[in-house]
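S.K.: Shown below is the structure under consideration.
Every number in this text was worked out from the coordinates using simple rules, so none of it is lab data. Nothing here was measured: the structure is a model prediction, and the numbers come from that model. Please note: Cβ atoms are built from the backbone with ideal geometry, for glycine as well, and neighbour counts cover all protein chains shown.
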Amino acid sequence: MSVFEITMLVCFGVAWPFSILKSWRSRSNGGKSVVFLVVIFVGYVAGVIHKALYSRDPVIVLYMLNGIMVLADILIYVRNHHLENSAKDGPAE
């Protein structure tokens, strides 16, 4: 378990809720990249797998929490994408 790894994960972990909240409230994907979010998610999944297979320690919880938050941001991105497309099409008749 490394203090530097923990610091990195905590710093990222503090940032994700702000990103999620902004996406949820704005109902817009302005400035977001789903490719970026997916790459970050895959990175966290790889971290969880590494911890599970080679380096079992409590830090795995931080990887999982961050991965869950990124997954939530991806799901909100999908929701916002549908909302933006609905707004472009206009109200249903």
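S.K.: When the helices in the chain are scored as -39500 (n - 2.57) per DSSP H run of 4 or longer and the sum is shared across all residues, what 222 nm value do you end up with, to the nearest 500 deg cm²/dmol?
M.R.: Computed mean residue ellipticity for the chain: -28000 deg cm²/dmol.
S.K.: Treating only the Cβ atoms of Lys and Arg (+1) and Asp and Glu (-1) as charged, compute the dipole magnitude of the chain about its Cα centre; round to the nearest 20 debye.
M.R.: Details: 8 positive and 6 negative charges, 21 e Å.
The calculation lands at about 100 debye.
S.K.: Could you work out the relative contact order of segment 35-93, using alpha carbon pairs under 8 angstrom and six or more residues apart, expressed as a whole percent?
M.R.: Numbers: 24 pairs, mean separation 21.0, N = 59.
Across segment 35-93, relative contact order equals 36 percent.
S.K.: What is the local net charge at W24, summed over the other residues whose Cβ is closer than 11 Å to its Cβ (Lys, Arg +1; Asp, Glu -1)? Can you show the working numbers first?
M.R.: Working: positive: K22, R25, R27, R79; negative: D73.
Its environment carries a net charge of +3.
S.K.: Please name which of L83, W24, F36 has its Cα lying farthest along the dipole of the chain towards the positive end, using unit charges on Cβ (Lys, Arg +1; Asp, Glu -1) and the Cα centre as origin.
M.R.: Positive-end residue among those listed: W24.
S.K.: How about K32: which lysines have a C-alpha closer than 18 Å to its C-alpha, ignoring those fewer than 8 places off in the same chain?
M.R.: Straight-line reach from K32, under 18 Å: K22.
S.K.: Follow-up question, since we're still on this one. Give me D for segment 35-93 in µm² s⁻¹, whole number, from Stokes-Einstein with Rh from the Kirkwood sum over alpha-carbon pairs, 10 °C and 1.306 mPa s. Working shown, then result.
M.R.: Working: Rh = 13.2 Å.
Diffusion coefficient, whole number: 121 µm²/s.
S.K.: Between V3 and A87, what is the FRET efficiency for a Förster distance of 35 Å, r being their Cβ-Cβ separation, to the nearest 0.05?
M.R.: Working: r = 46 Å, r/R0 = 1.33.
That gives a FRET efficiency of 0.15.
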